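Q: Pasting a structure here, questions to come.
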Amino acid sequence: MPPKEKSRFTYARSLVLGLFLIQPISHAYAENDIDAISQAAEQGDSAAQKKMASRYRYGLSVPRSYELAANWYRKAAEQGDTEAQVDLGRLYELGFGVPQDYQQAVAWYLKAAQKGSAPAQNSLGVSYESGDGVEQDSKQAAFWYRKAAEQEHAAAQGNLGSLYERGMGVPQNYKEAAKWYRKAADRGYSWAQVGLGRLYENGTGLPQDYRQAAKWYQTAADHGLAWAQTNLGLLYSHGLGVQKDYKMAVYLYRKAAEQGDISAQNNLSILYENGQGVTQDYIQAYAWLSVAIANGSSDENTIARRDRIASRLSSEKLGKAQEISASYFKQYSGE
(Lines give C-alpha, C1' and ligand atoms only; values in the text may rest on other atoms or scores of the structure.)
Protein backbone atom coordinates (compact mmCIF):
# COMPACT_ATOMS: atom_id res chain seq x y z
CA MET A 1 0.00 0.00 0.00
CA PRO A 2 1.44 3.43 -0.95
CA PRO A 3 2.63 5.56 2.01
CA LYS A 4 -0.02 8.22 1.41
CA GLU A 5 -2.78 5.63 1.63
CA LYS A 6 -1.32 4.33 4.88
CA SER A 7 -1.36 7.92 6.09
CA ARG A 8 -5.02 8.26 5.12
CA PHE A 9 -5.91 5.29 7.32
CA THR A 10 -3.73 6.70 10.11
CA TYR A 11 -5.58 10.01 9.81
CA ALA A 12 -8.96 8.28 9.87
CA ARG A 13 -7.99 6.29 12.96
CA SER A 14 -6.65 9.40 14.67
CA LEU A 15 -10.13 10.90 14.32
CA VAL A 16 -11.59 7.75 15.85
CA LEU A 17 -9.07 7.95 18.67
CA GLY A 18 -10.14 11.53 19.34
CA LEU A 19 -13.71 10.35 19.89
CA PHE A 20 -12.53 8.23 22.79
CA LEU A 21 -10.18 10.73 24.37
CA ILE A 22 -12.04 14.03 24.10
CA GLN A 23 -15.29 14.59 25.96
CA PRO A 24 -17.91 16.37 23.81
CA ILE A 25 -18.62 19.92 24.95
CA SER A 26 -22.33 19.20 24.96
CA HIS A 27 -22.58 15.74 26.43
CA ALA A 28 -25.82 13.82 26.14
CA TYR A 29 -25.44 12.08 29.48
CA ALA A 30 -25.38 14.88 32.00
CA GLU A 31 -27.70 13.30 34.58
CA ASN A 32 -26.40 13.68 38.09
CA ASP A 33 -28.08 10.56 39.51
CA ILE A 34 -25.56 7.93 38.47
CA ASP A 35 -27.10 5.43 40.89
CA ALA A 36 -30.39 5.53 39.00
CA ILE A 37 -28.60 5.11 35.66
CA SER A 38 -26.57 2.22 37.04
CA GLN A 39 -29.68 0.53 38.40
CA ALA A 40 -31.48 0.86 35.06
CA ALA A 41 -28.40 -0.47 33.26
CA GLU A 42 -28.20 -3.46 35.57
CA GLN A 43 -31.86 -4.17 34.83
CA GLY A 44 -31.06 -4.38 31.11
CA ASP A 45 -31.99 -0.93 29.83
CA SER A 46 -29.75 -0.53 26.76
CA ALA A 47 -29.95 3.26 26.78
CA ALA A 48 -28.76 3.30 30.39
CA GLN A 49 -26.03 0.81 29.51
CA LYS A 50 -24.75 3.17 26.85
CA LYS A 51 -24.84 6.03 29.34
CA MET A 52 -22.78 4.00 31.79
CA ALA A 53 -20.34 3.12 29.01
CA SER A 54 -20.04 6.76 28.07
CA ARG A 55 -19.42 7.80 31.67
CA TYR A 56 -16.57 5.33 31.97
CA ARG A 57 -15.28 6.24 28.51
CA TYR A 58 -14.96 9.92 29.41
CA GLY A 59 -14.51 9.62 33.17
CA LEU A 60 -17.73 11.46 34.00
CA SER A 61 -18.47 11.20 37.74
CA VAL A 62 -16.53 7.91 37.73
CA PRO A 63 -12.86 7.06 37.17
CA ARG A 64 -12.16 6.64 33.47
CA SER A 65 -12.06 2.95 32.56
CA TYR A 66 -12.11 1.67 29.00
CA GLU A 67 -12.50 -1.87 30.35
CA LEU A 68 -15.77 -0.97 32.06
CA ALA A 69 -16.84 1.11 29.07
CA ALA A 70 -16.32 -1.96 26.86
CA ASN A 71 -18.32 -4.08 29.30
CA TRP A 72 -21.32 -1.77 29.16
CA TYR A 73 -21.10 -1.23 25.41
CA ARG A 74 -21.09 -5.00 24.97
CA LYS A 75 -24.26 -5.40 27.04
CA ALA A 76 -26.05 -2.81 24.91
CA ALA A 77 -24.55 -4.11 21.67
CA GLU A 78 -25.73 -7.64 22.39
CA GLN A 79 -29.25 -6.25 22.66
CA GLY A 80 -28.88 -4.91 19.13
CA ASP A 81 -28.13 -1.28 19.93
CA THR A 82 -26.43 0.05 16.78
CA GLU A 83 -24.48 2.89 18.39
CA ALA A 84 -23.12 0.53 21.02
CA GLN A 85 -22.09 -1.92 18.33
CA VAL A 86 -20.12 0.79 16.55
CA ASP A 87 -18.47 1.98 19.75
CA LEU A 88 -17.54 -1.55 20.78
CA GLY A 89 -16.07 -2.09 17.34
CA ARG A 90 -13.97 1.06 17.75
CA LEU A 91 -12.64 -0.18 21.09
CA TYR A 92 -11.55 -3.43 19.42
CA GLU A 93 -10.01 -1.52 16.53
CA LEU A 94 -8.02 0.72 18.86
CA GLY A 95 -7.33 -1.86 21.55
CA PHE A 96 -8.89 0.25 24.30
CA GLY A 97 -10.33 -1.76 27.19
CA VAL A 98 -10.09 -4.96 25.14
CA PRO A 99 -7.23 -6.67 23.29
CA GLN A 100 -6.83 -5.10 19.86
CA ASP A 101 -8.69 -7.38 17.48
CA TYR A 102 -9.55 -6.18 13.98
CA GLN A 103 -11.70 -9.24 13.28
CA GLN A 104 -13.89 -8.48 16.29
CA ALA A 105 -14.04 -4.83 15.17
CA VAL A 106 -15.23 -5.92 11.73
CA ALA A 107 -17.82 -8.27 13.24
CA TRP A 108 -19.40 -5.47 15.27
CA TYR A 109 -19.16 -2.94 12.44
CA LEU A 110 -20.94 -5.40 10.14
CA LYS A 111 -23.82 -5.84 12.57
CA ALA A 112 -24.34 -2.07 12.73
CA ALA A 113 -23.65 -1.48 9.03
CA GLN A 114 -26.35 -3.95 8.02
CA LYS A 115 -28.80 -1.86 10.05
CA GLY A 116 -27.83 1.28 8.14
CA SER A 117 -25.28 2.91 10.46
CA ALA A 118 -23.18 5.27 8.30
CA PRO A 119 -20.22 5.37 10.75
CA ALA A 120 -20.17 1.57 10.78
CA GLN A 121 -20.44 1.37 7.01
CA ASN A 122 -17.48 3.72 6.60
CA SER A 123 -15.40 1.82 9.16
CA LEU A 124 -16.25 -1.44 7.43
CA GLY A 125 -15.16 0.10 4.14
CA VAL A 126 -11.83 1.11 5.70
CA SER A 127 -11.38 -2.45 6.97
CA TYR A 128 -11.99 -3.92 3.51
CA GLU A 129 -9.71 -1.40 1.83
CA SER A 130 -6.86 -1.84 4.32
CA GLY A 131 -7.34 -5.58 4.82
CA ASP A 132 -7.45 -5.22 8.60
CA GLY A 133 -9.59 -7.99 10.11
CA VAL A 134 -10.91 -9.13 6.75
CA GLU A 135 -9.50 -10.11 3.37
CA GLN A 136 -8.63 -6.99 1.37
CA ASP A 137 -11.40 -6.27 -1.14
CA SER A 138 -11.61 -2.88 -2.85
CA LYS A 139 -15.02 -3.64 -4.36
CA GLN A 140 -16.48 -4.33 -0.92
CA ALA A 141 -14.78 -1.18 0.34
CA ALA A 142 -16.46 0.83 -2.41
CA PHE A 143 -19.82 -0.81 -1.66
CA TRP A 144 -19.74 0.18 2.01
CA TYR A 145 -18.23 3.61 1.42
CA ARG A 146 -21.04 4.38 -1.01
CA LYS A 147 -23.68 3.26 1.49
CA ALA A 148 -22.29 5.71 4.05
CA ALA A 149 -21.49 8.45 1.52
CA GLU A 150 -25.09 8.52 0.36
CA GLN A 151 -26.00 9.26 3.97
CA GLU A 152 -23.72 12.33 3.83
CA HIS A 153 -20.91 10.76 5.88
CA ALA A 154 -17.94 13.03 5.07
CA ALA A 155 -15.13 10.54 5.63
CA ALA A 156 -16.90 7.94 3.49
CA GLN A 157 -17.38 10.50 0.73
CA GLY A 158 -13.66 11.27 0.80
CA ASN A 159 -12.75 7.60 0.85
CA LEU A 160 -15.03 6.87 -2.08
CA GLY A 161 -13.47 9.77 -3.97
CA SER A 162 -10.04 8.25 -3.36
CA LEU A 163 -11.15 4.93 -4.83
CA TYR A 164 -12.47 6.66 -7.95
CA GLU A 165 -9.26 8.65 -8.32
CA ARG A 166 -7.14 5.49 -8.15
CA GLY A 167 -9.55 3.13 -9.91
CA MET A 168 -9.66 0.76 -6.96
CA GLY A 169 -12.85 -1.30 -6.69
CA VAL A 170 -14.54 1.04 -9.17
CA PRO A 171 -13.63 2.19 -12.70
CA GLN A 172 -11.18 5.09 -12.54
CA ASN A 173 -13.20 8.26 -12.94
CA TYR A 174 -11.69 11.60 -12.01
CA LYS A 175 -14.99 13.46 -12.33
CA GLU A 176 -16.60 11.10 -9.83
CA ALA A 177 -13.56 11.51 -7.61
CA ALA A 178 -13.95 15.29 -7.76
CA LYS A 179 -17.67 15.04 -6.96
CA TRP A 180 -17.15 12.98 -3.84
CA TYR A 181 -14.06 14.88 -2.73
CA ARG A 182 -15.98 18.14 -2.96
CA LYS A 183 -18.87 16.84 -0.90
CA ALA A 184 -16.47 15.75 1.84
CA ALA A 185 -14.28 18.84 1.54
CA ASP A 186 -17.28 21.12 1.97
CA ARG A 187 -18.01 19.26 5.21
CA GLY A 188 -14.50 19.95 6.47
CA TYR A 189 -12.86 16.57 5.87
CA SER A 190 -9.20 17.54 5.48
CA TRP A 191 -8.05 14.50 3.54
CA ALA A 192 -10.70 15.16 0.87
CA GLN A 193 -9.64 18.81 0.73
CA VAL A 194 -6.15 17.64 -0.24
CA GLY A 195 -7.63 15.27 -2.82
CA LEU A 196 -9.71 18.05 -4.35
CA GLY A 197 -6.69 20.35 -4.39
CA ARG A 198 -4.64 17.68 -6.14
CA LEU A 199 -7.26 17.27 -8.87
CA TYR A 200 -7.24 21.03 -9.43
CA GLU A 201 -3.43 21.08 -9.49
CA ASN A 202 -3.19 18.24 -12.00
CA GLY A 203 -6.24 19.21 -14.06
CA THR A 204 -7.77 15.74 -13.70
CA GLY A 205 -11.54 15.65 -13.52
CA LEU A 206 -11.52 19.43 -13.14
CA PRO A 207 -10.04 22.33 -15.13
CA GLN A 208 -6.47 22.92 -13.99
CA ASP A 209 -6.56 25.78 -11.49
CA TYR A 210 -3.58 26.38 -9.22
CA ARG A 211 -5.40 29.01 -7.19
CA GLN A 212 -8.14 26.57 -6.33
CA ALA A 213 -5.49 23.96 -5.55
CA ALA A 214 -3.76 26.38 -3.21
CA LYS A 215 -7.05 27.29 -1.56
CA TRP A 216 -7.91 23.70 -0.71
CA TYR A 217 -4.37 22.80 0.33
CA GLN A 218 -4.34 25.83 2.61
CA THR A 219 -7.62 24.82 4.21
CA ALA A 220 -6.30 21.35 5.00
CA ALA A 221 -2.85 22.67 5.98
CA ASP A 222 -4.48 24.96 8.53
CA HIS A 223 -5.83 21.82 10.19
CA GLY A 224 -2.31 20.41 10.42
CA LEU A 225 -2.43 17.82 7.63
CA ALA A 226 1.19 17.18 6.61
CA TRP A 227 0.42 16.16 3.03
CA ALA A 228 -1.43 19.43 2.47
CA GLN A 229 1.45 21.43 3.94
CA THR A 230 3.90 19.70 1.61
CA ASN A 231 1.76 20.24 -1.48
CA LEU A 232 1.16 23.88 -0.60
CA GLY A 233 4.89 24.31 -0.02
CA LEU A 234 5.52 23.07 -3.55
CA LEU A 235 3.12 25.66 -4.95
CA TYR A 236 4.94 28.41 -3.03
CA SER A 237 8.31 27.08 -4.22
CA HIS A 238 7.22 27.33 -7.86
CA GLY A 239 4.84 30.29 -7.63
CA LEU A 240 1.84 28.33 -8.84
CA GLY A 241 -1.49 29.83 -7.78
CA VAL A 242 0.35 31.91 -5.18
CA GLN A 243 3.21 34.37 -5.28
CA LYS A 244 6.55 32.56 -5.17
CA ASP A 245 7.77 32.64 -1.58
CA TYR A 246 10.61 30.38 -0.49
CA LYS A 247 10.31 31.45 3.14
CA MET A 248 6.70 30.30 3.20
CA ALA A 249 7.75 27.08 1.47
CA VAL A 250 10.37 26.50 4.18
CA TYR A 251 7.77 27.15 6.88
CA LEU A 252 5.32 24.67 5.35
CA TYR A 253 7.91 22.02 4.59
CA ARG A 254 9.19 22.22 8.14
CA LYS A 255 5.67 21.78 9.54
CA ALA A 256 5.18 18.66 7.43
CA ALA A 257 8.74 17.38 7.90
CA GLU A 258 8.32 17.45 11.66
CA GLN A 259 5.29 15.20 11.22
CA GLY A 260 7.44 12.67 9.36
CA ASP A 261 6.46 13.54 5.78
CA ILE A 262 9.29 12.21 3.60
CA SER A 263 8.66 14.54 0.65
CA ALA A 264 8.73 17.57 2.93
CA GLN A 265 11.97 16.40 4.54
CA ASN A 266 13.56 16.00 1.12
CA ASN A 267 12.26 19.36 -0.12
CA LEU A 268 13.40 21.16 3.03
CA SER A 269 16.86 19.70 2.46
CA ILE A 270 16.89 21.12 -1.08
CA LEU A 271 16.06 24.62 0.15
CA TYR A 272 18.80 24.44 2.78
CA GLU A 273 21.26 23.22 0.16
CA ASN A 274 20.38 26.03 -2.25
CA GLY A 275 19.90 28.75 0.35
CA GLN A 276 16.34 29.46 -0.77
CA GLY A 277 14.15 30.93 1.94
CA VAL A 278 16.84 30.17 4.52
CA THR A 279 20.55 30.79 4.96
CA GLN A 280 22.46 28.15 3.02
CA ASP A 281 23.31 25.39 5.47
CA TYR A 282 24.83 22.11 4.28
CA ILE A 283 24.64 20.63 7.76
CA GLN A 284 20.86 21.07 7.86
CA ALA A 285 20.59 19.99 4.23
CA TYR A 286 22.46 16.77 5.05
CA ALA A 287 20.51 16.17 8.24
CA TRP A 288 17.05 16.50 6.69
CA LEU A 289 17.99 14.48 3.64
CA SER A 290 19.37 11.72 5.86
CA VAL A 291 16.07 11.61 7.74
CA ALA A 292 14.16 11.36 4.46
CA ILE A 293 16.43 8.50 3.35
CA ALA A 294 16.04 6.70 6.66
CA ASN A 295 12.27 7.06 6.34
CA GLY A 296 12.26 5.46 2.89
CA SER A 297 13.42 7.96 0.26
CA SER A 298 16.40 5.89 -0.81
CA ASP A 299 16.59 6.05 -4.61
CA GLU A 300 20.00 6.41 -6.27
CA ASN A 301 19.61 10.12 -7.02
CA THR A 302 18.77 10.92 -3.40
CA ILE A 303 21.74 8.95 -2.11
CA ALA A 304 23.99 10.67 -4.66
CA ARG A 305 22.74 14.09 -3.54
CA ARG A 306 23.52 13.31 0.08
CA ASP A 307 27.02 12.18 -0.94
CA ARG A 308 27.45 15.46 -2.81
CA ILE A 309 26.41 17.47 0.24
CA ALA A 310 28.70 15.40 2.47
CA SER A 311 31.65 16.19 0.19
CA ARG A 312 31.15 19.87 0.98
CA LEU A 313 31.48 19.32 4.73
CA SER A 314 34.60 18.96 6.80
CA SER A 315 34.87 15.77 8.84
CA GLU A 316 33.95 17.76 11.95
CA LYS A 317 30.88 19.29 10.34
CA LEU A 318 29.87 15.97 8.81
CA GLY A 319 29.97 14.40 12.26
CA LYS A 320 27.75 17.20 13.57
CA ALA A 321 25.34 16.74 10.66
CA GLN A 322 25.12 13.03 11.40
CA GLU A 323 24.38 13.72 15.07
CA ILE A 324 21.63 16.14 14.10
CA SER A 325 20.14 13.69 11.59
CA ALA A 326 20.06 10.96 14.25
CA SER A 327 18.26 13.34 16.61
CA TYR A 328 15.81 14.38 13.90
CA PHE A 329 15.08 10.78 13.01
CA LYS A 330 14.09 9.99 16.58
CA GLN A 331 11.75 12.96 16.57
CA TYR A 332 10.46 12.96 13.00
CA SER A 333 10.53 9.38 11.79
CA GLY A 334 6.81 9.39 10.98
CA GLU A 335 6.29 6.17 12.93
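The values are calculated or read from the model by the stated rules, or taken from the named source; none is laboratory data. Values in this document were obtained by computation on a predicted structure and should not be read as measured data. Counting neighbours? That spans all protein chains shown, and the Cβs are built from the backbone with ideal geometry, glycine included.
Q: Out of all the residues in segment 284-310, which are of a type in the set (S, T, N, Q), within 29 Å of the chain's Cα centre (by Cα) and more than 15 Å from Lys320 (Cβ to Cβ)?
A: Asn295, Ser297, Ser298, Thr302
Q: Further, regarding this structure: Just one of Ala214, Ala185 is assigned to a helix (DSSP H, G or I) and within 30 Å of Gly116 (Cα to Cα); which is it?
A: Ala185
Q: Specify the residue that is nearest to Leu235 (Cα to Cα); the eligible residues are those in segment 148-169 that are out of contact with any Ser or Thr (no Cβ under 8 Å at 6 or more places or on another chain) and not in a helix (DSSP H, G or I).
A: Filtering segment 148-169 for residues that are out of contact with any Ser or Thr (no Cβ under 8 Å at 6 or more places or on another chain) and not in a helix (DSSP H, G or I), the one nearest to Leu235 (Cα to Cα) comes out as Gly167.
Q: Shifting gears a bit: Would you point out the residue of segment 318-328, among those that are surrounded by 16 or more Cβ atoms within 10 Å (Cβ to Cβ) and not polar (S, T, N, Q), that is nearest to the chain's Cα centre (by Cα)?
A: Tyr328
Q: Also, I was wondering about something else. Is it the case that some residue within segment 259-271 is in contact with a helix residue (DSSP H, G or I) (Cβ under 9 Å, 6 or more places away or on another chain), touching a residue at least 40 places away in the same chain (Cβ under 8 Å) and among the hydrophobic types (A, V, I, L, M, F, W, C)?
A: Yes, segment 259-271 contains at least one residue that is in contact with a helix residue (DSSP H, G or I) (Cβ under 9 Å, 6 or more places away or on another chain), touching a residue at least 40 places away in the same chain (Cβ under 8 Å) and among the hydrophobic types (A, V, I, L, M, F, W, C).
Q: Now for a different question. Looking at (1) assigned to a helix (DSSP H, G or I); (2) surrounded by fewer than 24 Cβ atoms within 10 Å (Cβ to Cβ), which is the one condition that is false for Thr204?
A: (1)
Q: Among the listed residues Ser290, Ser315, Ser333, which satisfies the condition of being surrounded by fewer than 18 Cβ atoms within 10 Å (Cβ to Cβ), more than 16 Å from Gly233 (Cα to Cα) and at pLDDT 95 or above?
A: Ser315
Q: Being assigned by TED's automatic domain parsing to the domain that holds Val86, among the polar types (S, T, N, Q) and modelled with pLDDT of 95 or more: is that true of Gln172 here?
A: Spelling it out, it is not the case that Gln172 is assigned by TED's automatic domain parsing to the domain that holds Val86, among the polar types (S, T, N, Q) and modelled with pLDDT of 95 or more.
Q: I'd like the residue in segment 276-305 that is in contact (Cβ under 8 Å) with a residue 40 or more places away in the chain and assigned to a helix (DSSP H, G or I) and, out of all such residues, is nearest to Leu252 (Cα to Cα).
A: Out of the qualifying residues, it is Trp288.
Q: Can we say Leu271 is closer than 18 Å to Gly197 by Cβ, of a type outside the set (Phe, Trp, Tyr) and either assigned to a helix (DSSP H, G or I) or at pLDDT below 95 (or both)?
A: Criteria not met by Leu271.
Q: May I pose another question? How about segment 73-106: which of its residues are touching a residue at least 24 places away in the same chain (Cβ under 8 Å), hydrophobic (A, V, I, L, M, F, W, C) and within 19 Å of Asp132 (Cα to Cα)?
A: Val86, Leu91, Leu94, Phe96, Val98, Ala105, Val106
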